[in-house]
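Visitor: Okay, here's the structure, questions in a sec.
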Amino acid sequence: MPVQEETSPSPVRGEPKQGARTGAGRAATPRRERHPLGAPALLIGLLAAPLAWFAQIGIVEALAAQSCFAYDKPAPRPWVHSVLTTSALVSAVCLSIGIGGAAFAWRNRRVAATVAHEAGVRSNQPLVRRIAVITRVSLLSTLLFLAVLAATDVAGLIVSPCGRW
């Protein structure tokens, strides 16, 4: 029967010290370093606005194509009478999703900056540096796609869905 060594808690989050023995004589594997920002928060901040723009373009273009060119020939006005209202509603929902993604990206950036500040200016922790880069890129890309969402909304108000482009 193998001898079990007692594990003394590490100063970090009650983890066993490296090299401590547990169970049947196996060395305990140290737990991975954790960051206050989880993967879901980072993904929402990074992908909400681009996916909202992609959904807006896909839904509104498909709706306009089916209502204006329903039988492979152009119609002078939309076949579905509520196409403008529906496309405006879809655009508003997608814009609100983009704004929510921007709020997540802004929050993620503030949390990452606080953690980096607490870790020190020249932190040697790779996780802190990676999260800081991801949150910067996330905020910049979200703001870019938020501007694109707004420009697409304005273009939808100016250009008729069944008119010539």
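Visitor: Of V133, V154, V115, which residue is part of a helix (DSSP H, G or I) and either in contact with a His (Cβ under 9 Å, 6 or more places away or on another chain) or of a type in the set (D, E, K, R) (or both)?
Guide: Criteria check complete, one pass: V115.
Visitor: If you go through the stretch 25-72 one residue at a time, how many are among the small types (G, A, S), surrounded by fewer than 19 Cβ atoms within 10 Å (Cβ to Cβ) and either under 9 Å from the mean Cα position of the chain (by Cα) or at pLDDT below 85 (or both)?
Guide: 8
Visitor: Run G98 past the list (1) farther than 17 Å from L43 by Cβ; (2) touching a residue at least 12 places away in the same chain (Cβ under 8 Å); (3) not hydrophobic (A, V, I, L, M, F, W, C) and report the number of the one that doesn't hold.
Guide: With respect to (1) farther than 17 Å from L43 by Cβ; (2) touching a residue at least 12 places away in the same chain (Cβ under 8 Å); (3) not hydrophobic (A, V, I, L, M, F, W, C), G98 is out only on (1).
Visitor: Mind checking which residues of the stretch 101-118 are of a type in the set (V, I, T) and within 18 Å of V148 (Cβ to Cβ)?
Guide: The answer is none; no residue qualifies.
Visitor: Can you find, within the stretch 101-132, the residue that is surrounded by the fewest Cβ atoms within 10 Å (Cβ to Cβ) among those that are closer than 30 Å to E61 by Cβ and in contact (Cβ under 8 Å) with a residue 12 or more places away in the chain?
Guide: Selected residue: W106.
The values are calculated or read from the model by the stated rules, or taken from the named source; none is laboratory data. Remember, it's a predicted structure, so these values are computed and weren't measured experimentally. Note that we place each Cβ from the backbone using ideal geometry, even for glycine, and neighbour counts take in every protein chain shown.
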